[in-house]
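Notes for the one structure printed next.
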Amino acid sequence: RTLGTARPFRSLAQGADDMSDGTPTKSQEVRLVSYPDGELSLDHFEVAVTELAEPEPGQVVVRNDWMSLGTVYRDQMQSSLDIPIPVFQLGQPMWGRTVGTVVKSASPDLAVGDLVEHFSGWRDHVVGYAGQFFKRDPELLPGSEYFLSNGPTAWRRPKTSRKLPRRAWRRGFAS
């Protein structure tokens, strides 16, 4: 099972406990349990099964379909950083840029079937207020390959590559 933009993210927590409309009552989420000192391994993570609440007025349930998996996430698995982004907190769900589909709605702003972008990745499903999700046009985002992004990685590269000779920048080696 791969989390990332190359393959869809699918739930392993769905099953007999689904709500009457087929929406799951449980979700899986990935948590960092220790900050790596050296090589990263599966021992640094846990997958927790959590209860998925019925959406309150103004909330939606979103099934996460694709998640952007960038190299900056490895940096965020440290206890502190020298770049202006937050680190993952131990024992808390990890997060990241994600595209998903609204599967249940108690909000006039988003309907079942809407494609949305948000930052509650590293989990199968998420319940949240409609304002934390950004509706996207499925024709402009027809597949995971259209969702690739390296924003934080692109920012970090010039910061950590200041020692490269000027000619390397001209040739594009630092891009």
- request: Go through segment 119-164 and count every residue that is among the polar types (S, T, N, Q) and either open to solvent by 70 Å² or more (accessible area, probe 1.4 Å) or modelled with pLDDT of 85 or more (or both).
  value: 4
- prompt: Since Y73 meets every condition but one in (1) under 17 Å from the mean Cα position of the chain (by Cα); (2) in a loop (DSSP other than H, G, I, E, B); (3) free of Cβ contacts under 8 Å to residues at least 40 places away in the same chain, which condition does it not meet?
  reply: (2)
- line: Over segment 88-101, the set of residues outside any loop (DSSP other than H, G, I, E, B), touching a Lys or Arg at 6+ places or on another chain (Cβ under 8 Å) and open to solvent by less than 10 Å² (accessible area, probe 1.4 Å) is V99, G100
message: Report every pair of residues separated by at least 6 positions or lying on different chains whose Cβ atoms are under 6 Å apart, first residue within segment 44-59 and at positive phi, second assigned to a strand (DSSP E or B) and open to solvent by 20 Å² or more (accessible area, probe 1.4 Å).
response: G58/Y129
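This table checks each residue for (1) under 15 Å from P57 (Cβ atoms); (2) in contact with a Leu (Cβ under 7 Å, 6 or more places away or on another chain).
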site	(1), (2)
A106	yes, no
D114	no, no
G121	no, no
H125	no, yes
G131	yes, no
P138	no, yes
G143	no, no
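The values are calculated or read from the model by the stated rules, or taken from the named source; none is laboratory data. In this text, all values refer to a predicted model and were calculated from it rather than measured experimentally. Every residue, glycine among them, receives a Cβ derived from its backbone with ideal geometry; neighbour counts consider all protein chains shown. Ligands, DNA and RNA are stripped out before the accessible areas are found, and what is left, the full protein with its side chains, is counted by its heavy atoms. Shrake-Rupley method; radii C 1.70, N 1.55, O 1.52, S 1.80 Å.
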